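A short worksheet on the structure shown next.
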Amino acid sequence: MFGMRRYRWAREEIARLDPAVDYDRINRLVAEARFGWPPIAASFYTVTFVRQAAVPSIARILHRGGGGPSSRLDDVRKRNDDTLVIFGEIFSNGAASARGRETIARLQEIHGLFPITQDDYRYTLCTIIDEPERSAGVIGYRSMSAAEDEARFRFWIAVGEEMGITDLPATY
């Protein structure tokens, strides 16, 4: 399946790492070595964005752009691509790195233009944590290990904390 032999070295490194401490490295290995083929990675997160847009409160923000009844965020592809670039920056540099914090601050600046509730932030974060794995399962991609799941959870919770999202879950 999709380069499993090429992924073996990454699985072996992940097995030696602690997901509670090394979540940035594990998440990067998963993103680059396992889901490093751009069409696969992009499709998993694109499905995630569709799930988010199905929530009425989020759909209203996306449709109106936060500006009123005639204002819309029309360029869905650009928004999707820009989000994937931001995710790539965070994956590459780590959520707690100076560059990661700078990227997350930019993400917050963009989202700060819209009336997003904490509930919508939490829902969005949870879909980002869960949906790529669910999507991978649909196409028969090997399920992630418990360490990969835990690292993905901790990575995105760290992003959420940096964004100031409140009442985040403590465990996967």
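Based on a Kirkwood Rh over C-alpha pairs, give the Stokes-Einstein translational diffusion coefficient of the range 105-164 at 37 °C and viscosity 0.692 mPa s in µm²/s. After rounding, the answer is 256 µm²/s.
Taking the accessible area of the chain, probe 1.4 Å, and keeping the other protein chains in place, the carbon and sulfur fraction comes to 55%. Which stretch or stretches of the range 88-123 have amide N atoms under 12 Å from the point lying 7 Å from Arg79's Cα along the Cα→Cβ direction? In the range 88-123, the label zone of Arg79 (backbone N under 12 Å from the point 7 Å along Cα→Cβ) covers 111, 114-115. Note on the chain: Cα-Cα pairs beyond 30 Å make up 16% of the total pair count.
A Gaussian network model of the chain, with springs between Cα atoms under 10 Å, assigns the largest mean-square fluctuation among Ile139, Ile58, Ile104 to Ile139. Per residue, the accessible area of the range 42-172 comes to 53 Å² when a 1.4 Å probe rolls over the protein heavy atoms. Summarising the label geometry, the points placed 7 Å from Cα in the beta-carbon direction at Ala53 and Glu109 lie 2.6 nm from one another. Relative to the longest principal axis of the Cα atoms of the chain, the long axis of helix 98-111 lies at roughly 30 degrees.
Pick from Val47, Val55, Val138: which is most flexible by mean-square fluctuation in a GNM of the chain where alpha carbon atoms under 10 Å apart are linked? The residue with the greatest mean-square fluctuation here is Val138.
The values are calculated or read from the model by the stated rules, or taken from the named source; none is laboratory data. As the structure is a computational prediction, the values presented were derived from the model and not from experiment. Methodologically, a virtual Cβ is constructed for each residue, glycine included, from the backbone with ideal geometry; neighbour enumeration extends over all protein chains shown. Please note that ligands, DNA and RNA were not included when accessible areas were found on the heavy atoms of the full protein model with its side chains. Shrake-Rupley method; radii C 1.70, N 1.55, O 1.52, S 1.80 Å.
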